[in-house]
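Scroll down for the structure; my scribbles are underneath it.
The values are calculated or read from the model by the stated rules, or taken from the named source; none is laboratory data. Not measured: the values here are computed from a predicted model. We place every Cβ from the backbone using ideal geometry, glycine too, and count neighbours over all the protein chains shown. The protein model used for the area step is the full one, side chains on, heavy atoms only, and it has no ligands, DNA or RNA in it. Shrake-Rupley method; radii C 1.70, N 1.55, O 1.52, S 1.80 Å.
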Amino acid sequence: MAALDGLPPLREVIARHGLDALKALGQNFILDLNLTQKVARTAGPLEDATVIEIGPGPGGLTRAILALGASRVIAVERDRRCLPALAEIADHYPGRLQVIEGDALKIDVATLVDDGPVHIIANLPYNVGTQLLVNWLTPPRWPPFYRSMTLMFQREVALRIIAGAGDDHYGRLGVLAGWRSRARIAFDVPPQAFTPPPKVTSSVVHLEPVAEPIDCAVERLEKVTQAAFGQRRKMLRQSLKPLGGEALLARAGIDPQRRAETLTVGEFCRLANLL
Ligand code: SAM
């Protein structure tokens, strides 16, 4: 039976194109189009929007994004075996889907978009997901080229992204995401929703960039968070010793006996600006 968009069911697409999931490429496919629609809807209204999708695979999420009215989808896929399946979707939605074969870590997607609202939506491969998020949070220009990011991660990573001061999962990723975005977990997705099922639960994270983050250089912020969280159980006067230790903390007005996980994003920025 054809799916609601008139294209064949994903199970059939996968069988016909021989898309056995490859672990090395983080391939855990979602075959339920109701679930992919739920992920895509989390981004907000998509009519007339451009969507960047990383890792479309057999195209379940791509189809949902197109069915919800995105005027243009630019999808970057590393596995060339998926290209014929994606070409069928492109034929079904003429002029709206552009597939780029390549490694998303090596492609600057900001250069691919024109004017108009851009959203990033992806069920990310687990092995490159965090790096892609860091790249999108630290582009040379701010505000960035996108209006929102709706991204599937392993739940453990999602918790690190949304964590703030005092949370167990708070670390470098939480500081970066908290500095430049408002991030929340939209919903969890159990392992059995994927083919093949991964070992852990996943979460869809929705991030919106803040227009005016605290003024601070990314490299310095990274330097401070790396030193502070590199020895997260130690007091800051010890972990920040290579960057100035007690003297730096005194200038920032921060108690040297505190530990990294108690510092707010604002305090990390203050330290970074004093380096
Ligand atoms: N979007 C599909 C879905 O939701 O069913 C597939 C998601 S699967 C978790 C991740 C996809 O990313 C796979 O199709 C994989 O081939 C692709 N991929 C892995 N590494 C990549 C990379 N570096 N650049 C682009 N795509 C990549």
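Quick notes on this one:
- Candidate lysines for bridging to LYS199, where Cα separation is under 19 Å - those fewer than 8 sequence places away on the same chain excluded: LYS23
- Carbon plus sulfur fraction of accessible area for the chain, probe 1.4 Å, in percent: 50
- A cut-off under 13 angstrom between Cβ atoms defines the neighbours of HIS169, and their net charge, with Lys, Arg +1 and Asp, Glu -1, is 0.
- Surrounding net charge for ILE14, when Lys and Arg each add one and Asp and Glu each subtract one, Cβ distance under 11 Å: +1
- Ranked by solvent-accessible area (1.4 Å probe, protein heavy atoms only, all chains present), the residues ILE214, ILE121 order from largest to smallest as ILE214, ILE121.
- For PHE145, solvent-accessible area (1.4 Å; no DNA, RNA or ligand), Å²: 50
- The packing ranking, built from the mean of other Cβ atoms within 10 Å per residue, places the peptides 92-100, 147-155 in the order 147-155, 92-100, highest first.
- As an equivalent ellipsoid, the chain spans semi-axes of 39, 19, 15 angstrom, where each value is the square root of five times an eigenvalue of the C-alpha gyration tensor, largest first.
- Bridging of LYS106 to aspartates and glutamates at a Cα separation below 19 Å is possible for GLU53, GLU77, ASP79, once same-chain residues fewer than 8 apart are set aside.
- Bridge type composition, the chain - antiparallel percent by DSSP, nearest 5: 50
- A straight Cα-to-Cα reach below 26 Å connects LYS234 with the lysines LYS223, residues fewer than 8 places away in its own chain not being considered.
- Signed unit charges on C-beta, dipole axis of segment 59-215, positive-most listed residue ILE107, VAL175, PRO139: VAL175
- Lone cysteines, the chain (no partner Cβ under 4.7 Å): CYS82
- Over the chain, accessible surface divided per residue gives 47 Å², non-protein components excluded, 1.4 Å probe.
- Selection from GLY129, MET149, ALA85, by position along the positive dipole direction of the chain (Cβ): GLY129
- In this calculation the C-beta distance from THR138 to HIS92 is compared with R0 = 35 Å, giving a FRET efficiency of 0.45.
- Value at 222 nm in deg cm²/dmol, rounded to 500, when DSSP H runs of n ≥ 4 in the chain each add -39,500 (n - 2.57): -9500 deg cm²/dmol
- Solvent-accessible ranking of LYS241, LYS106, largest area first, probe 1.4 Å: LYS106, LYS241
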